[in-house]
1. Which of (1) in contact with a strand residue (DSSP E or B) (Cβ under 7 Å, 6 or more places away or on another chain); (2) open to solvent by 10 Å² or more (accessible area, probe 1.4 Å); (3) not in a loop (DSSP other than H, G, I, E, B) does A:ARG42 not meet, given it meets every other one?
2. Could you grab me the full set of residues in region B:239-264 that are under 14 Å from B:ARG192 (Cα atoms) and not in a loop (DSSP other than H, G, I, E, B)?
3. Can you name the residue in region B:272-289 that is in a strand (DSSP E or B) and within 16 Å of the chain's Cα centre (by Cα) and, of all such residues, is farthest from the other protein chains (Cβ to nearest Cβ)?
4. Among the candidates B:VAL262, B:VAL214, B:VAL258, B:VAL233, which residue alone is more than 21 Å from the chain's Cα centre (by Cα), open to solvent by less than 60 Å² (accessible area, probe 1.4 Å) and without any contact (Cβ under 8 Å) to a residue 40 or more places away in the chain?
5. Just to confirm my filter: which strands (runs of 3 or more DSSP E) fall fully inside region B:46-132 and include at least 2 residues that are under 24 Å from the mean Cα position of the chain (by Cα) and under 21 Å from B:ASP177 (Cα atoms)?
6. How do the strands (runs of 3 or more DSSP E) wholly within region A:46-95 filter down when requiring 2 or more residues that are touching a residue at least 60 places away in the same chain (Cβ under 8 Å): which remain?
7. For the condition within 14 Å of B:THR36 (Cβ to Cβ), open to solvent by 60 Å² or more (accessible area, probe 1.4 Å), more than 14 Å from chain A (Cβ to nearest Cβ) and in contact with a Lys or Arg (Cβ under 9 Å, 6 or more places away or on another chain), what is the one hit in B:LEU109, B:LEU153, B:LEU76, B:LEU159?
8. Output yes when any residue across region B:272-279 is open to solvent by 10 Å² or more (accessible area, probe 1.4 Å), closer than 27 Å to B:LEU159 by Cβ and of a type outside the set (Gly, Ala, Ser), and no when none is.
Amino acid sequence: MKSIVLLVMAMTVAGIASADDVQYDIRVDGITCPFCVATSERALMKIAGVHAVGSNLETGTIFVCADGEVTFTDAQLKQLFLDKGFTYRSFEKSSGCSMGAHEHDADDLRDIPEDHDHDAGVDG
Amino acid sequence: MNETLFWRPSILAMSLLLTLWVVIPASWAAPIATNTALPISNDAIIVRAQLVATHAADSLGGLNRHVDRFEARTVLGYGLTSKLAIFGMLPVVNIERTIGDIRTTDSGLGDAALFARYELLRSDKPGRTFRIAPYAGLRFPTGKEGTTGDGSLDAFAGLIATLASTQWVLDTQLRHDFNAESNGFERGDATRFDVSFQYRWSPAKVVRETPAFVYGVLELSANYSERNRISGVTDPNSGGFLLYLTPGLQYAARRWIVDFGVKIPVLSDLNGTALEPDYSILTSIRVNF
């Protein structure tokens, strides 16, 4: 039964994300509640080519699924989150969209040494 | 009996009640009856509709006094920048007063307020933040003088500090109201200190795409008011100290927050024969646009 559910979820993700899609995992500090993150998610959704936006509040990560031609820069994201009242840290870009399915849970992250945490070093 | 004369001491007591209740803030963010330093995004709008029902009753020398005040507040917050936000609050008030066999009802606009809040300090970490924000504003005499408003243009200023994580939020506020005189009546200046603690009850663990938080809320509010002055004479039955406790619940979703709380005076040291509030019931919804 669990395998069927996972298969359906995978098919669903595949249905909304094409092979050319990319995912941005954006690290943002200072977001503490669903109400707080909503304006940032809406701002990202307004960007042309962005299909879906999600978040993990515990790790301070916002996931963006977008067309392959969508390109973010540190300066662009820093300004976007500054306008929202939060502190942009870094992003990672990957092929395909899993919307955070590969992301570690907060408990897992506590075991990761500091220097394994990929941070572009962009302060807000 | 000359009704005007009969009501005169009562009006003083009511003025004190007005003083105490007007300083209950129209809060516009996370807590129920306190302010927060959490941000309003640049160009974002938050609208809050809040209902406050307050009851007070006692017996003074065999004369029963009874006041029920119902207030519907509309609060609009707008982010001019990510650090600077402006807020407007417009209350509609209904007050029923009973003293002995005499009962009066007043209703209409209360005193509107307009103020600005600026984020002075921000320290962000993953899933947590610390912010300090001073604010200052004016309260306008939009209410009916002597009933739903006090007729004067008053100023207020405060400082908010907020420490928040995904598990809990702590808001503290220090505020002072500089009240002016109008037609011989000058409400005493007021100072208050608030602490609000919100603890996430549900979900037990934050996971990806958590749609909403349920917080248990506990707020403590210490209020001190100086005595009112009428035609330059200090009113001995006004001013004093009140300590309130407000337990409550809050549901915070992505676009809206609803909350409910009961504000109870737990320590009272009011001057003279001023009528003490028994409790206030507060509920609100706020929407993020």
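1. With respect to (1) in contact with a strand residue (DSSP E or B) (Cβ under 7 Å, 6 or more places away or on another chain); (2) open to solvent by 10 Å² or more (accessible area, probe 1.4 Å); (3) not in a loop (DSSP other than H, G, I, E, B), A:ARG42 is out only on (1).
2. Once the filter is applied, which keeps residues that are under 14 Å from B:ARG192 (Cα atoms) and not in a loop (DSSP other than H, G, I, E, B), region B:239-264 yields B:GLY240, B:PHE241, B:LEU242, B:LEU243, B:TYR244, B:LEU245.
3. Checking each candidate, the answer is B:TYR279.
4. B:VAL214
5. Answer list for region B:46-132: B:63-79, B:84-99, B:112-118.
6. A:87-95
7. When all the criteria are applied, what remains is B:LEU159.
8. The answer is no; no qualifying residue exists.
The values are calculated or read from the model by the stated rules, or taken from the named source; none is laboratory data. This one's a predicted model, so the numbers in the text were calculated from it and none came from an experiment. Neighbour counts run over all protein chains shown; Cβ positions are idealised from the backbone, glycine included. These accessible areas exclude ligands, DNA and RNA; they are computed on the full protein's heavy atoms, side chains included. Shrake-Rupley method; radii C 1.70, N 1.55, O 1.52, S 1.80 Å.
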